[in-house]
Amino acid sequence: MDNTSAGKLLTLYNQVTMKRGIILSIVFCFAFYYTMGQPIQEHKLVQKMEAWYQEGEYDKLLDKAEKWRQKDRKSFPPKWVFTFYKAKAYFALASNSTGRASANYFRKGKGMLLAVRRAERTGSWRQLDPVFIAESKTYIESMADRAMAEMNLQQAYQYHRSLAEVFQDSTEVFRLLEDDNYIHEYGTDIRPDQHEIISFLFLQYVNQLRKDGCSCGGEWMPPAPPVTWNDTLSYTAKLHSLDMDTFDYFDHTGRNGSKPWDRAQDQGYQRGMMGENIAHGYHNELTVFRGWKASPGHCRNMMRQGYSVIGLGRSGTYWTMMLAN
């Protein structure tokens, strides 16, 4: 073969190679768009999961989302997307269930959302499905309200805490969680921050009772103005509960002969109209509140028109609630 023929073949080879490179580049660009470059909502796996969610196939969605999440493929969406869809499935199951099953599904769904928030730092998880985000927030708020209506303060705390953890709302409850100065010195077997929120909810329920009016032992007590929390009364109540717990007695009169107003005055509270509820044998705020509400004298104390502030203190299973103007 002469040099001219060899040169022509080399030129032809280079042209074919160049065209092949251009074609491969175009194919690669399209492939990138349809995998990594395309919006998450348009990915075929995301569309499949959304379809299962809309059709109510939650078990299938949970199974597939977990299997896909465990795979490490560049063509797959980020792992947090699969966790997000697991959260959607768990919240749907929670809203369609009752009792313990609903609570378990809710805990799992909340855990998934918290995992997504930790794994995905840009906040795009909120834009992936804003309708679901809004609906899940509304669902948690409704469950918190229902727990309050049922006097289940422990559960109401959990829902309010979830709103703060997942959505970081600047609600009253969230502010209490972040305020290091908002601390009452309680003897309690639960975390201080949890006890603070429960005390806050306890106050809300007392005020709801006063707003609605209440029958105390057959005597109708009309609606009364709301009361507020008082740290001095809380500390005074705590000291009396601690004294009863330590020295094993149960009385409004202290071991030194002091009355409730004497003890409040010793702590700097100016003496005025004052009442006191005490209880023994109750293990949480819910049960002691129910006990006081069922007792005519204690119930009337909580409903008395002239009171404007309250405080609550506990030691062991001894409880003291102070009310004053």
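The values are calculated or read from the model by the stated rules, or taken from the named source; none is laboratory data. Please read these numbers as outputs of a predicted model, since none were measured by experiment. The accessibility values were calculated without ligands, DNA or RNA, using every heavy atom of the protein model including side chains. Shrake-Rupley method; radii C 1.70, N 1.55, O 1.52, S 1.80 Å.
Inverting the mean 1/r over all pairs of different Cα atoms, compute the Kirkwood radius of the range 248-313 and quote it in Å.
13.3 Å
State which entries of LYS211/LYS293; LYS110/LYS238; LYS48/LYS74; LYS74/LYS137; LYS48/LYS71 exceed 26 angstrom in Cα-Cα distance in the structure shown.
Result: LYS110/LYS238; LYS74/LYS137 exceed 26 Å.
What are the extents of the Cα atoms of the range 112-152 along their three principal axes, in Å, largest first?
38, 20, 12
Using 0.36 nm times the number of residues separating ALA101 and ASN284, minus their current alpha carbon distance, what extension gain do you get?
Length gained, ALA101 through ASN284: 63.5 nm.
Principal axis extents for the range 48-147, Cα atoms only, whole Å, descending order, please.
Principal-axis extents of the Cα atoms in the range 48-147, largest first: 44, 28, 20 Å.
Restricted to Cα positions, what overall size does the range 214-325 have along the principal axes? Three whole-Å values, descending.
37, 31, 22
Subtract the Cα-Cα distance of THR253 and THR317 from 0.36 nm times their separation in residues, and report this length gain in nm to one decimal.
Length difference between fully extended and current span is 21.2 nm.
So if each residue of separation counts as 0.36 nm, and I subtract the Cα-Cα distance between ASP63 and GLU50, what length gain in nm does that give? Working shown, then result.
Details: separation 13, 0.36 × 13 = 4.68 nm, distance 1.38 nm.
Gain in length upon complete extension: 3.3 nm.
Mind ranking HIS240, HIS298 by accessible surface for me, highest first, 1.4 Å probe?
The most accessible residue leads, giving HIS298, HIS240.
Going by Cα centres, the range 90-168 and the range 200-226 are how many Å apart?
Cα centres, the range 90-168 to the range 200-226: 30 Å.
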